[in-house]
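The values are calculated or read from the model by the stated rules, or taken from the named source; none is laboratory data. Model, not experiment: these values are computed from the prediction. We place every Cβ from the backbone using ideal geometry, glycine too, and count neighbours over all the protein chains shown.
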Amino acid sequence: MNTKIMLVLRIIIAIILVQTLYFKFTAHPDSVYIFSKVGLEPFGRISIGVLELISAILILIPRTIWLGALLTSGLMSGAIIMHLTQLGIEINNDGGILFYMALVVFFLSLFTLINQRKNIPIIGGKF
């Protein structure tokens, strides 16, 4: 795929990941509510925030795009599963925006990972 389009997709992923960090790192009441409901407050909230920051950085560095995409898709699959099993689609009357953002980031990161599969060390040459 066109490298400019892929760059835009990676930037979108990074922006969404970084934008949510404010809420996690400042202990915003919605974030505390979410992580309390799934039993991960406060350590899970902070740890996942750190992992999302790392993902956002890795997905922007050409040599580590695949790793950032892999980590992001894993984190977002966890978020999606939590929404579907414990949280529900809508949280605190947000209209489901957090769930839908997680879906968007998941699919963009999965698409990016598929696009970068040949760059994965050891196994990349087999794709």
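Of all the helices (runs of 4 or more DSSP H) wholly in region 1-110, which have at least 1 residues that are touching a residue at least 40 places away in the same chain (Cβ under 8 Å) and more than 14 Å from the chain's Cα centre (by Cα)?
Counting at least 1 such residues, we get 3-25, 29-37.
Would you confirm whether or not region 34-41 contains a residue that is closer than 22 Å to Lys118 by Cα and basic (Lys, Arg)?
Checked against the condition, which is being closer than 22 Å to Lys118 by Cα and basic (Lys, Arg), region 34-41 yields no hits at all.
Take the residues of region 1-36 that are surrounded by 13 or more Cβ atoms within 10 Å (Cβ to Cβ) and among the β-branched types (Val, Ile, Thr): which is nearest to Thr85 (Cα to Cα)?
It comes out as Ile34.
Restricting attention to region 60-79, does a residue exist that is at pLDDT 95 or above and more than 28 Å from Asn2 (Cα to Cα)?
yes
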